[in-house]
Structures are given as C-alpha cells and as structure tokens.
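One structure is given below, encoded as structure tokens.
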Amino acid sequence: MNAANPAKNPIGVFDSGVGGLSVLHEIRRELPGEDLLYVADSGHAPYGDKSTQLIEARVIAIVEFLLSQRAKAIVVACNTATGVAIQMLRARFPVPIIAMEPAVKPAAAHTQSGVIGVLATSRTIASNNFAKLHERFGADVKILMQACPGLVEQVEAGNLSGDKTRALIEQYVLPLLEQRADTIVLGCTHYPFLAPLISEIAGPTVAIIDPSPAIARELRRRLATANLLSTVSRAGTERFWSSAAPDRAQTIISQLWQVDVEVHSLPNDATVDAATRSRAPL
C-alpha cells in the first residue's frame with residue numbers, strides 16, 4: 001500500500017465470476033473518485049457447487065493478488081464466498097473486508113403478504129450466515145429458499161434473456177409466487193443482471209431486492225471510519241482481471257460493464273489452480 005497516503009490506493013473487488021460487476025456498478029455510483037480493481041474468477045465459476053477447501057484456496061489467492069496491487073479494502077462481491085470464507089478472510093488479512101449478505105432484513109420489512117423468496121446458490125442457502133439470517137428474521141415472515149442451479153452459468157455466458165434463461169427463472173420463481181411471495185431477494189451477485197427478466201416473470205406487484213447499493217454504502221462507511229476515503233477530485237479508474245480465457249472474459253465483462261474494457265489474465269493462475277486442486281480435489 002501507499003504508506004504515506006493509503007487513501008490514494010484502490011479498492012479490490014472480486015467474485016466467482018462476472019456477477020460481482022453488479023456490485024462494482026453500485027460502488028462506482030457511490031464512490032466516483034475511487035480507483036477500482038476487479039477480479040472475476042470465471043475459470044472456476046460457479047463456486048456454488050465447489051468444496052469449502054477449494055473456495056477458501058481461491059479466495060485467499062485472489063485477496064493476496066489484490067493486496068499485491070495495493071488494495072486498501074476488499075469487497076467480497078460473492079454470497080457463496082462470503083458464506084464459506086468471510087470469517088477466515090477477516091482473521092487472515094488486516095484490511096477492511098466488506099461482504100455480501102442476502103437482503104433478508106429489508107425484504108422482511110417490505111413484505112405485505114408475510115412471504116419472501118430468496119434466490120441463491122445451494123452453498124449460500126446452506127451456509128451458517130444464511131442460517132443466522134433465517135433465525136433473526138424468519139420468526140415473523142415465511143422465508144422460501146430457492147436454489148437456482150444454472151443461472152450463474154447463463155450470466156457467465158452473457159445469456160441474460162434467452163429461452164433457456166427464461167425457462168430456468170420460471171422454474172425457480174413461479175413456485176415462490178404460488179406460495180404468495182410478494183418480495184424476492186437476489187441472493188447471488190450474478191442475479192441482478194437477470195432482474196429485468198425476473199421482474200417480468202414475477203409481475204409488477206412483486207418487489208425485487210438487490211443488496212448491492214447497501215454494500216456500496218457500507219463500503220463508504222468503512223472507508224470513512226478508517227480515514228481511507230479518496231480525496232482526489234478526478235474520476236476513478238477501473239482495472240479488470242479474469243481467470244477465464246482472455247478473449248471470452250473481455251467480451252462478457254465489456255458487455256456487463258457496458259463499456260469496452262481491457263481484461264488481463266490473472267497472474268500465476270495456473271500455479272494457483274494446481275495448488276488448489278492438490279488441496280481440495282473435487
């Protein structure tokens with residue numbers, strides 16, 4: 001880090017793939033002057049069907065890389081990584097680490113029917129973090145947990161509105177509506193890119209809740225508390241890395257970021273992957 005003025009250093013953001021770009025969009029709106037680093041671990045997506053050991057190995061390697069790029073804070077823009085590894089990351093690394101959390105609390109406050117649905121990966125739903133959320137807010141509302149296999153892969157492929165994507169969303173959302181859910185939580189950072197289609201299928205009376213704006217506000221608060229907010233007046237920059245094939249990564253990240261960007265290969269990824277496989281065979 002810039003020891004003389006660490007507030008000038010960038011913010012590191014990562015996800016199992018490109019879904020965390022939905023969080024990066026909100027961070028850019030909230031903090032227009034900050035420099036941002038983004039790592040998409042698309043070569044190993046989705047995390048939802050991976051072992052705990054593999055996920056921990058991946059996120060450690062990525063955070064170490066972001067710190068090597070002078071990141072002053074880390075945003076874990078991945079609900080699955082948060083559920084599996086957030087306590088380990090906070091114990092291991094000294095910088096502020098901001099994590100995702102399914103927006104069950106605001107959904108519970110918003111619902112009129114008393115029924116909310118949560119769309120998430122199976123690992124997020126099975127996590128201790130989610131169990132705690134259910135215990136805290138499930139007494140007064142009914143929380144329907146819906147795992148959504150295949151949706152992450154559709155976003156990773158840039159297929160945000162095709163027939164297969166629509167069929168999957170109908171498969172996951174319609175049963176929630178049949179049980180009177182009037183509020184749906186997007187419990188994976190990939191899913192905000194599908195929000196228009198989810199909203200179309202759910203109908204205008206169903207609220208769709210994305211936690212990304214709240215994460216961006218929490219990041220601002222944590223930076224301010226640590227005296228790490230940038231004081232420069234220029235517009236912030238973004239840099240991107242991916243563990244997927246560079247050409248494909250550049251296409252999908254540019255599509256979702258809505259600007260043509262340069263995407264770098266995650267350095268030493270082959271070495272990291274070999275170590276990961278040896279520690280956590282699937």
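Remarks
- Candidates are the residues of region 89-124 that are aliphatic (A, V, I, L, M) and touching a Lys or Arg at 6+ places or on another chain (Cβ under 7 Å); the one that is nearest to SER212 (Cα to Cα) is ILE98.
- Of the residues screened, SER113 is not one that is hydroxyl-bearing (Ser, Thr, Tyr), surrounded by fewer than 17 Cβ atoms within 10 Å (Cβ to Cβ) and closer than 21 Å to ALA99 by Cα.
- When the residues of region 19-58 are filtered to those that are within 15 Å of the chain's Cα centre (by Cα) and β-branched (Val, Ile, Thr), the one that is nearest to THR231 (Cα to Cα) is ILE27.
- Region 1-21, residues that are in contact (Cβ under 8 Å) with a residue 12 or more places away in the chain, polar (S, T, N, Q) and surrounded by fewer than 24 Cβ atoms within 10 Å (Cβ to Cβ): ASN2, ASN9
- ARG239 being within 23 Å of THR189 (Cβ to Cβ), exposed (fewer than 14 other Cβ atoms within 10 Å of the Cβ) and within 20 Å of the chain's Cα centre (by Cα): no
- Any chance ARG220 is outside any loop (DSSP other than H, G, I, E, B) and either surrounded by 14 or more Cβ atoms within 10 Å (Cβ to Cβ) or in contact with a strand residue (DSSP E or B) (Cβ under 7 Å, 6 or more places away or on another chain) (or both): yes
Values in this text are rule-based calculations from the coordinates and carry no lab data. Keep in mind that this is a model prediction, so the values were computed, not measured. Positions of Cβ are backbone-derived with ideal geometry, glycine not excepted, and every protein chain shown enters the neighbour counts.
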